[in-house]
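To start, the structure itself, in C-alpha cells.
Nothing in this text is a laboratory measurement; each read-out follows from the coordinates by a stated rule. This one's a predicted model, so the numbers in the text were calculated from it and none came from an experiment. Every residue, glycine as well, gets a Cβ built from its backbone with ideal geometry; the counts of neighbours run over all protein chains shown.
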Amino acid sequence: MTEALKHVQKCRPIVNPNASFVAQLKEWDSNRLGLEKKAALKKDAANDEEDDDLMAFAKARQAEEEEDVGNEAQIPQEMVKSMACKPKHQNVQWLVKKDGQVIQELSLSQKSMYTIGKGDQLRVKLGRSAVDLRFQHPSISRKHAMLIHNSKGHILLYDAHSSHGTFVDGKRMPPGECWRINNGQKVRFGASTREYELEGAGTKWDSGEDSDGDEPAAKRSKWDDSD
C-alpha cells in the first residue's frame with residue numbers, strides 16, 4: 001500500500017488521503033496478503049518508519065482540519081437535506097468560467113437540492129449516478145458538496161467533507177459547514193481552475209427582508225437558517 005501511494009503521489013502530487021482512508025487501505029492490503037503475511041506486517045510495522053510517517057502526517061492533517069472547524073460548526077448532512085425547499089427564484093444559475101470567460105451556464109432552479117461531485121464510476125456506467133452536477137476534475141470527490149434552496153429563498157452550499165476542499169471567493173470552507181452564497185460570489189471545487197459564479201439568487205439578505213439601502217460590498221454568511 002505504501003509503495004502504491006508513493007507512486008500515485010509521484011504521478012499526481014495533489015493525492016493526499018485522510019487518516020481513515022489510509023487505515024482502510026492498510027487493512028485491505030493486509031487481508032489481501034493473507035493471515036500469514038498480515039501477522040508479518042504487524043510485526044514489522046513498528047520498524048516501518050515510512051509507514052509511520054505517512055500515518056502521522058495524515059492524522060496531523062485531519063487534526064488540523066478538526067481544530068479549524070470545531071465540532072459545533074459541523075452540520076449533519078441529513079439536517080442540510082431537511083432544509084431544502086422548492087426554489088423561490090426561477091432563474092438561479094452558475095456561470096461556469098475558465099480563464100475569466102463564461103463557457104457554460106448551469107441552471108439551479110429545477111430542484112430543491114443538488115448533489116455535486118465526480119460520482120461513482122460504476123453507477124455512472126449503469127446510468128444510476130448519485131450526483132446531480134457531475135464534474136470530472138480528479139481532485140473533486142465522488143460526493144463533494146451539496147447546494148440547496150432554503151425556505152427563505154437563500155442558496156446554501158455545504159461541503160460534504162471533501163478531500164481537497166470547496167472554496168468561496170478563494171476561502172476554503174471548513175468540511176461539514178454550510179454557507180450561504182450570494183450573487184456574484186465565485187465557487188471552486190478542489191484544485192479545478194473553473195469558477196462557478198452565482199447569478200439570479202435574488203437580493204434578500206440574512207434578515208429575510210429586501211435591502212433598501214446600500215448593500216455591503218462583500219458579504220459571506222455561514223448557515224443562517226437558525227434565526
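Key figures
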{"quantity": "Vicinal HN-Hα couplings computed from phi for the stretch 77-86 (Karplus, 6.51 cos²θ - 1.76 cosθ + 1.60; Hz; Gly/Pro x)", "calculated": "4, 5, 5, 4, 4, 5, 7, 5, 9, 4"}
{"quantity": "Fewest-first sequence of Arg188, Arg180 by Cβ atoms within 10 Å of each Cβ", "calculated": "Arg188, Arg180"}
{"quantity": "Label-point separation, Gln77 to Ser107 (7 Å along Cα→Cβ), nm", "calculated": "2.7"}
{"quantity": "For Asn150, residues with placed amide H under 5 Å, excluding near neighbours", "calculated": "Cys85, Leu156"}
{"quantity": "Highest-first arrangement of 149-160, 7-18, where packing means the average Cβ count within 10 Å", "calculated": "149-160, 7-18"}
